[in-house]
Amino acid sequence: MVAERVKGLKYAIRDVVLPAKKLEAKGHEIIKLNIGDPDQYDFDTPQHIKQAACDAIMGGKNYYGDSQGDAPILGSIRAWDKRVNGSEADDYCITQGASEGVEFSFSALVEPGAEALVPGPNYPQYMSVPRLCDGVPVEYACAEGDGWQPDVDDVRKKISGKTRVMVVINPNNPTGAVYSKKMLQSLIDVAGEHSLPLVSDEIYNLMTFQESVSLSSLVKDTPVITLNGISKNYLSPGWRIGSMAFRNCPEIFEACLALGRNRLCVNEPCAWGFKAALDGPQAHIEETKKKLIERRDFVVKRFGEMGVHCVEPKAAFYAFPRIDTGDDKQWVLDLLHQEHVLVVHGSGFGEYGKGHFRLVFLPPIEVLSEALDRIERFVKNK
Ligand SMILES: Cc1ncc(COP(=O)(O)O)c(C=O)c1O
């Protein structure tokens with residue numbers, strides 16, 4: 001009954017919640033460090049953004065919006081891109097989260113049997129969506145020994161006659177890596193040599209603890225689609241609003257517009273909230289980063305003290321420590337059952353994630369401290 005392409009569909013970050021729910025049903029309290037949702041912890045959507053969405057509802061903006069995005073909202077996305085990224089794309093459209101941008105990009109580019117070059121480790125959608133398009137995700141290595149930077153030689157090796165698109169996730173989930181200008185330039189050069197369009201996922205671009213640049217600001221004539229959204233930078237993941245910026249790829253843009261028309265529009269009131277987020281005060285960004293840096297430092301120090309190797313994340317809110325096991329999923333399940341701490345197995349982020357786990361360091365230090373005490377006890381008893 002069920003189509004082959006859907007069988008075995010996985011999303012590790014939420015799949016691990018199922019066994020956790022069973023434990024909760026038995027009365028156990030679980031410390032959940034699996035999902036990158038700041039609003040589940042002590043972060044909240046800034047007031048002026050909430051107000052703008054409420055005003056949109058009360059002001060009657062409850063109609064179907066334009067499929068591409070209403071003109072004033074697109075204007076704010078363009079102005080923000082110019083101001084924040086130093087980049088101006090040819091065209092923009094609004095999406096239901098960056099997730100829909102991923103779906104649109106691959107739907108537009110991946111023919112059955114075609115290959116999508118994606119970073120390893122990667123955010124799980126980058127493995128599942130190419131497969132849903134009957135294509136094949138091919139992972140290029142990001143080297144842990146090099147702070148999880150892409151291995152450009154491996155990128156070259158993985159390109160074949162079937163490759164149709166190359167994905168860069170910068171800043172990166174799950175590793176927290178930020179790529180240098182030089183690295184981005186090398187990736188652009190490789191894409192250019194093979195006439196490959198780039199998809200640059202920059203959903204964490206304001207949650208960085210060191211300098212970072214937008215890939216799009218560096219390209220001359222290489223086609224690039226940049227994905228972003230309200231979820232992380234503006235602490236509103238439940239709103240499901242994102243954006244796509246298109247440079248040097250008018251045909252892909254037209255294809256994405258057609259896909260957009262097929263799903264009518266995004267959540268219209270929240271789209272107006274997105275406009276307020278882009279135009280309005282940005283004070284929450286420094287406040288959020290201050291908390292994140294403190295929490296990142298605490299987590300990295302604790303892993304160091306317990307002898308667990310963990311590359312220091314330079315952005316976002318994920319640590320990706322290495323564990324000494326052949327079966328990281330079982331390790332994560334054992335940790336859950338024995339210590340009631342929920343993290344995500346590294347293999348859920350692709351082949352290169354194996355032997356690791358991803359921990360979200362969004363909670364306050366007291367919660368992280370308790371979780372890390374439990375992880376330390378678990379590691380010592382192994
Ligand atoms: C790298 C990356 N891309 C895309 C997404 C999806 O973001 P959105 O909430 O905008 O759909 C996430 C969410 O965690 C992510 O980490």
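Would you check which residues across region 307-323 are more than 16 Å from the ligand (Cβ to nearest atom) and either among the β-branched types (Val, Ile, Thr) or open to solvent by less than 50 Å² (accessible area, probe 1.4 Å) (or both) and list them?
Taking region 307-323 as the starting set, the residues that turn out to be more than 16 Å from the ligand (Cβ to nearest atom) are 307-312, 321-323.
Of everything in region 307-323, those that are more than 16 Å from the ligand (Cβ to nearest atom) and either among the β-branched types (Val, Ile, Thr) or open to solvent by less than 50 Å² (accessible area, probe 1.4 Å) (or both) turn out to be Val308, Cys310, Val311, Pro321, Ile323.
Listed residues Leu292, Leu235, Leu215; which is of a type in the set (A, V, I, L, M, F, W, C) and either outside the structural domain of Cys54 (by TED's automatic domain parsing) or modelled with pLDDT under 95 (or both)? Give the steps one after another, and end with the answer.
On the way: Leu235 fails: either outside the structural domain of Cys54 (by TED's automatic domain parsing) or modelled with pLDDT under 95 (or both); Leu215 fails: either outside the structural domain of Cys54 (by TED's automatic domain parsing) or modelled with pLDDT under 95 (or both).
It is Leu292.
Out of Thr222, Thr163, which single residue is over 16 Å from the mean Cα position of the chain (by Cα), away from the ligand (no atom under 16 Å from the Cβ), of a type outside the set (A, V, I, L, M) and within 21 Å of Cys93 (Cβ to Cβ)?
Thr222
Would you tally the residues in region 27-53 being open to solvent by 40 Å² or more (accessible area, probe 1.4 Å), of a type in the set (D, E, K, R) and not in a helix (DSSP H, G or I)?
Final tally of qualifying residues: 4.
How about region 104-136: which of its residues are in contact with a Ser or Thr (Cβ under 9 Å, 6 or more places away or on another chain), without any contact (Cβ under 8 Å) to a residue 40 or more places away in the chain and not in a helix (DSSP H, G or I)?
Within region 104-136, Cys133 is the sole residue that qualifies.
Report, by residue number, each residue of region 111-130 that is open to solvent by 10 Å² or more (accessible area, probe 1.4 Å) and within 14 Å of Lys162 (Cα to Cα).
Of everything in region 111-130, those that are open to solvent by 10 Å² or more (accessible area, probe 1.4 Å) and within 14 Å of Lys162 (Cα to Cα) turn out to be Glu111, Pro112, Gly113, Glu115.
Going by the structure shown, is Gly192 touching a strand residue (DSSP E or B) at 6+ places or on another chain (Cβ under 6 Å) and assigned by TED's automatic domain parsing to the domain that holds Glu139?
Criteria not met by Gly192.
Within the group Glu24, Glu88, which residue is modelled with pLDDT under 95, in the same structural domain as Val360 (by TED's automatic domain parsing) and open to solvent by 50 Å² or more (accessible area, probe 1.4 Å)?
Of the residues listed, the single one that is modelled with pLDDT under 95, in the same structural domain as Val360 (by TED's automatic domain parsing) and open to solvent by 50 Å² or more (accessible area, probe 1.4 Å) is Glu24.
Could you count how many residues in region 329-349 are open to solvent by less than 10 Å² (accessible area, probe 1.4 Å), touching a strand residue (DSSP E or B) at 6+ places or on another chain (Cβ under 6 Å) and closer than 21 Å to Tyr123 by Cβ?
5
Find all pairs meeting these conditions: Cβ atoms under 6 angstrom apart; at least six residues apart or on different chains; first residue within region 196-212 and open to solvent by 10 Å² or more (accessible area, probe 1.4 Å); second residue among the polar types (S, T, N, Q).
The qualifying pairs are Ile203/Asn228; Leu206/Asn233.
Taking only pairs six or more apart or across chains, which ones have beta-carbon atoms under 6 Å, a first residue in region 54-70 that is part of a loop (DSSP other than H, G, I, E, B), and a second residue that is open to solvent by 40 Å² or more (accessible area, probe 1.4 Å) and among the charged types (D, E, K, R)?
If the second residue must be open to solvent by 40 Å² or more (accessible area, probe 1.4 Å) and among the charged types (D, E, K, R), the pairs left are Ser67/Arg261.
Could we say that Lys10 is surrounded by fewer than 15 Cβ atoms within 10 Å (Cβ to Cβ) and either assigned to a helix (DSSP H, G or I) or assigned by TED's automatic domain parsing to the domain that holds Ser236 (or both) here?
In short, no.
Can we say Ser195 is away from the ligand (no atom under 16 Å from the Cβ), over 30 Å from Asp55 (Cβ atoms) and not in a helix (DSSP H, G or I)? Outline the logic, then answer.
On the way: away from the ligand (no atom under 16 Å from the Cβ): yes; over 30 Å from Asp55 (Cβ atoms): yes; not in a helix (DSSP H, G or I): yes.
Yes; evaluated as a whole, the condition is true for this residue.
Just need a number here: residues in region 240-274 that are in a helix (DSSP H, G or I) and either open to solvent by 50 Å² or more (accessible area, probe 1.4 Å) or not assigned by TED's automatic domain parsing to the domain that holds Ser214 (or both).
6
Of all residues in region 82-98, which are under 30 Å from Ile159 (Cα atoms), out of contact with any helix residue (DSSP H, G or I) (no Cβ under 6 Å at 6 or more places or on another chain) and assigned to a helix (DSSP H, G or I)?
Gly97, Ala98
Every residue in region 138-155 that is open to solvent by 20 Å² or more (accessible area, probe 1.4 Å) and either within 15 Å of the ligand (Cβ to nearest atom) or in the same structural domain as Pro313 (by TED's automatic domain parsing) (or both), please.
Of everything in region 138-155, just one residue is open to solvent by 20 Å² or more (accessible area, probe 1.4 Å) and either within 15 Å of the ligand (Cβ to nearest atom) or in the same structural domain as Pro313 (by TED's automatic domain parsing) (or both), namely Glu139.
Could you say which residue among Gly304, Gly326 is away from the ligand (no atom under 16 Å from the Cβ), over 25 Å from Glu366 (Cα atoms) and open to solvent by 20 Å² or more (accessible area, probe 1.4 Å)? Before you say what the answer is, go through the steps one by one.
On the way: Gly304 fails: over 25 Å from Glu366 (Cα atoms).
After ruling out the rest, the residue left standing is Gly326.
Could you tell me which residue of region 84-120 is nearest to the ligand (Cβ to nearest atom), considering only residues that are out of contact with any Cys (no Cβ under 9 Å at 6 or more places or on another chain) and of a type in the set (Val, Ile, Thr)?
Among them, the one singled out is Val102.
The values are calculated or read from the model by the stated rules, or taken from the named source; none is laboratory data. This is a predicted model, so every value here is computed, not measured. Here the Cβ is made from the backbone with ideal geometry for all residues, glycine too, and neighbour counts use every protein chain on show. Calculation scope for accessible area: heavy atoms of the full protein, side chains included, ligands and nucleic acids excluded. Shrake-Rupley method; radii C 1.70, N 1.55, O 1.52, S 1.80 Å.
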